[in-house]
């Protein structure tokens, strides 16, 4: 591929929870869910997961700062209920950054970083950050 691609999502993961129950508890519609043990082509999830994601951006200029900030801006009003959900459903939280780098040397690489408000929110909900990078 001639350009970069990426997305950012906030996930809540756990061993024994029903993603639909979490959705109802949070009052936020996820962009994706995965149930532990469900058959998904190419994998068998070891944990259940609830995700809230940006769209998949295909562009030479991928800005993780802005993508992460847009997710946190939508979740910030629900921070207290997210913290309660983590305790109630025994969940772990993470911010996932997924990037595919163009092999075209003329294409710039994505800007990777986080605004102070993003870092503050992630700290308050006890989230880790995971950055996965791939080559196109």
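Residue 123 to residue 46: FRET efficiency via 1/(1 + (r/R0)^6), r the Cβ-Cβ distance, R0 22 Å, to the nearest 0.05? Efficiency, rounded to the nearest 0.05: 0.25.
Between rounded, prolate and oblate, where does region 4-135 land on the alpha carbon gyration tensor, with a ≥ b ≥ c its root eigenvalues, rounded for a/c under 1.5, else prolate if a/b exceeds b/c? Oblate, because a/c is 1.5 or more while a/b does not exceed b/c.
Against the chain, whose longest principal axis is taken from its Cα atoms, helix 64-75 shows a tilt of about 20°. Measuring r between the beta carbons of residue 80 and residue 103 and using R0 = 35 Å, the FRET efficiency lands at 0.20. Only beta bridges with both residues in the chain are counted; by DSSP, about 70 percent of them are antiparallel. Spacing of the modelled spin labels on residue 90 and residue 134, each 7 Å from Cα toward Cβ, amounts to 3.2 nm. With helices as the sole contributors, the chain gives -8500 deg cm²/dmol at 222 nm; each DSSP H run of n ≥ 4 counts as -39500 (n - 2.57), and the sum is divided by every residue. Note on residue 70 and residue 115: their simple-model spin labels are 1.2 nm apart, each label 7 Å out from Cα toward Cβ.
Bear in mind these aren't lab numbers, they're just calculated from the coordinates by the rules spelled out. Just so we're clear, the structure is a prediction, and the values are computed from it rather than from any experiment. Cβ atoms come from the backbone with ideal geometry, glycine included; neighbour counts cover every protein chain shown.
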